[in-house]
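Novice: Take this structure first; my questions come after.
Quick note: the coordinates plus some simple rules give every number you see, no bench work behind them. Keep in mind that what you see is a predicted model, and the values were worked out from it rather than measured. Note: ideal-geometry Cβ built from the backbone for every residue, glycine included; neighbour counts use all protein chains shown.
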Amino acid sequence: MIRYGFLAFLFILTSFFISSLSQAEVSLPIEAFLDSEADYSELLADLEINPVDLNRAGVSDLLAIPWLSEKEAQVIVDFRRRHGPFKSKSELSRIKGLNRDLIESLRPYVTVHRPLPLVLKERLRVKQKSKLQGERLPHSLTLYQRLSLSAADRYELGLLAEKDSGERDLADFRAAYLQLEQIAGIDQVVAGDFRPGFAQGLVFSRWSYSISNPRSLKKKDSSSVGYRSSVENGALRGIFLKKSFKVTQWAIFFSQSGFDASLNKNGTVKTLLTSGYHITASEKAKKDLLSEKLVGGRILYGDRKNLRLGASFALSSFNPAFHNYDLERKRHAFTGSNNSIWGMDWDITWPTLNLYGEAALCRNGGKAVLGGATSKIRGVKVSALARSYSRDFHSFHGSAFSASGKLYNETGLFASLVCSPTKNTDLLFYVDQYHHPYRRYYEPIPTRGDKWGLVVVHEFSRQADLLLDLRSKYNQRGKEALGRRNNRIRLDTCWNPNKRRRLKGRTEIIFLSFEDSRREQGISAFLDFRISPLHSLTICGRLTTFKTDSYDSRIYEFETDHPGAAFSRFIYGKGVKWYFFVAQKMKWGKLSAKYRWQKTQKGKKCEFSLQLDLQIK
């Protein structure tokens, strides 16, 4: 605690010093805010179905898009106030302060609201990987299909089906929901597959993963709950009801869902499975072995904009029951057939300070507390977030800020600072220190870790900029809890002369050091281009060369991909890769294709994917 207090004091002192340099705000590129190892497909799928309305959104609504800075959100709102409502999304290009890359990344997730009687959206994605050439079609294909039908902004039907490579069932995973607005005095009714998100995510989180990056500290209640993610074993199946009164909002829901699980010899549940693969006979046998009956609810009070108080609960009954026999490595794993969890949350705002957080208690006495604060001091935004998750805290549908991605056995303090030291230079700095007080599955002793990063962007002109991204991460892993430090240096240069051309280059170096004196390195370089020979046609490509000493020194990078897909791929060993992406816009939607090729010492791999996005109004 003394260490955390000293770091907090040093961080605040530094923020006051930097605040004297400039009163500007920041506008950093997308990758500066996204976690390299996270999959953002869930988030993007949700934003596509419920895009942010440019004519209704305030700054806080626009910040639901994780890579949009507060400065850029304010610029959009100010433009609307000066020039009136947006007539189309193309008017974003008239706003000074929004670069072309950012505008293109926003288009799928914003809208200009025009009430229409009927809107149909269909997405079909087909992917073929060469490593499965031994199998016959269609078994070796990855298929993803999503249909959304909405009427008069009051009714919505969502259908989703997916199969992974190697699975024989063309709809191995299925999800569907019907959402009704303003029915029989109820504000929102959802029947089918759903997943709500409340407060900071300790009791219920909209997402199944934890995003631990500087721009995703604070969460808020999700406006939509219908399940549209392809992540399996994440949905509740039942009915959800929400009703608003003058100063309160109530929600109650019931579900009975099945989840993949591995069983002990006596038929009790050993562990939950999250991969969603059902290829082998063993994997198929474990599908939906666990049944959960759940009753959940939420009450939110807020009589003014600067005060919001909430409470959430979940009561679960499992069949069969959980039983843990590995008392050495899983001493605090959940055991039994019933679990309950209760949470309280707060969000208090003053002119320059915002305090928020959530505290939760589960049936066996396990506790979790998360508290954050954000303040603006002369144009500098300072944020801090502290969390403490006990070793026996069990939340089956929660996901909050966490270095390990788990909501148990972790304490930590995170702090970040964003500012503009000069007119053309933006800066982001963050530091996170965390501790796992008790042993985990593979680590027989308490472990610790830390992470810090510094991102600096300098804009030479409206056409050219440079990014320097420094990150360092220390953690302890394995049976001997061996510590290792991963240092990363990334340098990006971008030339963007006009809307139809962009050229980007990157050099990245990894320095990996172990406590047993081992050293590893990794290096990669790529050249990336984007051209639009026609207004409706976009062509992208990238050539990457790389060399790393092992898998441990792997390198992550985001690639241009189909709409609704945002995840980074990693590369290791010695080799080269390239991809080619083409997207054609049409009156009724978009057709996109991607070919990806990679060669290492282990051989060659290629992947082809095709996606059709259909929209009928």
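Novice: Please grab the % of Cα pairs in the chain that end up more than 48 Å from each other. Provide the component values of the computation, followed by the final result.
Specialist: Working: 18853 of 190036 pairs.
Tail of P(r) above 48 Å: 10 percent of Cα pairs.
Novice: Still on this structure: What do you get for GluC sites (Glu not before Pro) in region 282-355 restricted to DSSP loop and a cutoff of at most 11 other Cβ within 10 Å of the site's Cβ? Before the final figure, lay out the partial values.
Specialist: Numbers: sites: E283, E292, E328; in loops: E328.
Loop-located and lightly packed - E328.
Novice: Separate question: Which three lengths, in whole Å and largest first, does region 440-484 cover when its Cα atoms are put on their principal axes?
Specialist: So the three principal-axis extents are 53, 13, 12 Å.
Novice: Here's another thing I want to ask about it. Using the Kyte-Doolittle scale, find the helices of the chain whose mean hydropathy is at least 0.5 and whose Cα atoms extend 24 Å or more along the helix's long axis, counting only whole DSSP H runs. Walk me through the numbers before you get to the answer.
Specialist: Values: long enough: 2-19 (26 Å, 1.79).
Correct list, ordered by number: 2-19.
Novice: Three principal axis extents, largest first, for the C-alpha atoms of region 243-355, in Å?
Specialist: 57, 33, 26
Novice: Helix-only mean residue ellipticity at 222 nm, the chain, DSSP H runs n ≥ 4 weighted -39,500 (n - 2.57), per residue, nearest 500. What is it?
Specialist: Values: 6 runs with 57 residues, N = 617.
Computed ellipticity for the chain at 222 nm equals -2500 deg cm²/dmol.
Novice: To continue, here is another question. Measuring from centroid to centroid over Cα atoms, what is the spacing of region 399-428 and region 143-222 in Å?
Specialist: With region 399-428 and region 143-222 each reduced to a Cα centre, they are spaced 27 Å.
Novice: Stokes-Einstein diffusion coefficient for region 483-580 at 37 °C in a medium of 0.692 mPa s, Rh from the Kirkwood formula over Cα pairs: what value in µm²/s? Could you put the intermediate results ahead of the total?
Specialist: On the way: Rh = 15.0 Å.
The diffusion coefficient I find is 219 µm²/s.
Novice: Hey, what's the Kirkwood Rh for region 504-553 if you take every pair of different alpha carbons, in angstrom?
Specialist: Values: mean 1/r = 0.0758 Å⁻¹.
So the Kirkwood estimate lands at 13.2 Å.
Novice: A follow-up question, please. Bin width 5 Å, origin at 0, all Cα-Cα pairs of region 53-189: what percent of pairs per bin?
Specialist: 2, 8, 13, 13, 12, 13, 14, 11, 7, 4, 2, 0, 0
Novice: For V110, enumerate residues with amide H under 5 Å from its amide H, sequence gap 5+ or separate chain, H modeled in the peptide plane.
Specialist: V52
Novice: Here's something else I'd like to know. Taking region 409-567 on its own, what percent of its Cα-Cα pair distances exceed 22 Å? Each step should come with its number before you reach the end.
Specialist: On the way: 7253 of 12561 pairs.
Distances greater than 22 Å cover 58 percent of the Cα pairs.
Novice: Using +1 at the Cβ of each Lys and Arg and -1 at the Cβ of each Asp and Glu in region 268-320, identify which of T280, T268, S291 lies farthest towards the dipole's positive end.
Specialist: S291
Novice: Also, quick follow-up: Could you give each residue of region 231-240 its phi-based ³J(HN,Hα) in whole Hz, using Karplus coefficients 6.51, -1.76, 1.60 with θ = phi - 60°, and x for Gly or Pro?
Specialist: For region 231-240, the Karplus-derived couplings read 6, 7, 6, x, 9, 8, 10, x, 9, 10 Hz, x marking Gly and Pro.
Novice: Longer than 26 Å from Cα to Cα, which of K87/K121; K547/K605; K270/K605; K381/K473; K219/K246; K87/K243 are they? Say none if no pair is.
Specialist: On the way: K87/K121 21 Å; K547/K605 17 Å; K270/K605 36 Å; K381/K473 23 Å; K219/K246 23 Å; K87/K243 32 Å.
The pairs that break the limit, which is 26 Å between Cα atoms, are K270/K605; K87/K243.
Novice: Hey, if you put +1 on the Cβ of every Lys and Arg and -1 on every Asp and Glu Cβ in the chain, which of G372, L527, L610 ends up farthest toward the positive end of that dipole?
Specialist: It is L527, whose Cα lies furthest towards the positive end.
Novice: Now, a different point. Pop out the ³J(HN,Hα) list for region 518-535 in order, Karplus 6.51 cos²θ - 1.76 cosθ + 1.60 with θ = phi - 60°, rounded to Hz; leave Gly and Pro as x.
Specialist: In residue order, the calculated couplings are 6, 9, 9, 9, x, 8, 9, 8, 9, 10, 10, 10, 9, 9, 10, x, 10, 4 Hz.
Novice: Okay, next question. Rg and Dmax of region 122-269, Cα atoms, in Å?
Specialist: Computed over the Cα atoms of region 122-269, radius of gyration and Dmax are 18.5, 62 Å.
Novice: Show me 330-340, 599-609 ranked by packing, highest mean number of other Cβ atoms within 10 Å first. Could you put the intermediate results ahead of the total?
Specialist: Values: 330-340: 16.6, 599-609: 13.6.
Result, highest mean Cβ count within 10 Å first: 330-340, 599-609.
Novice: Something else: Would you work out the charge dipole size for region 66-194 about its Cα centre, treating the Cβ of every Lys and Arg as +1 and the Cβ of every Asp and Glu as -1, and quote it to the nearest 20 debye?
Specialist: Values: 23 positive and 18 negative charges, 143 e Å.
That gives a dipole near 680 debye.
Novice: If you look at just the Cα atoms of region 55-107, how large are its Rg and its Dmax in Å?
Specialist: Reported Rg and Dmax, both Å: 10.1, 26.
Novice: For the cross-link pairs K406/K594; K220/K376; K220/K585; K71/K594; K129/K406, which exceed 28 Å when the distance is taken from alpha carbon to alpha carbon?
Specialist: Values: K406/K594 34 Å; K220/K376 20 Å; K220/K585 34 Å; K71/K594 34 Å; K129/K406 32 Å.
From K406/K594; K220/K376; K220/K585; K71/K594; K129/K406, over 28 Å: K406/K594; K220/K585; K71/K594; K129/K406.
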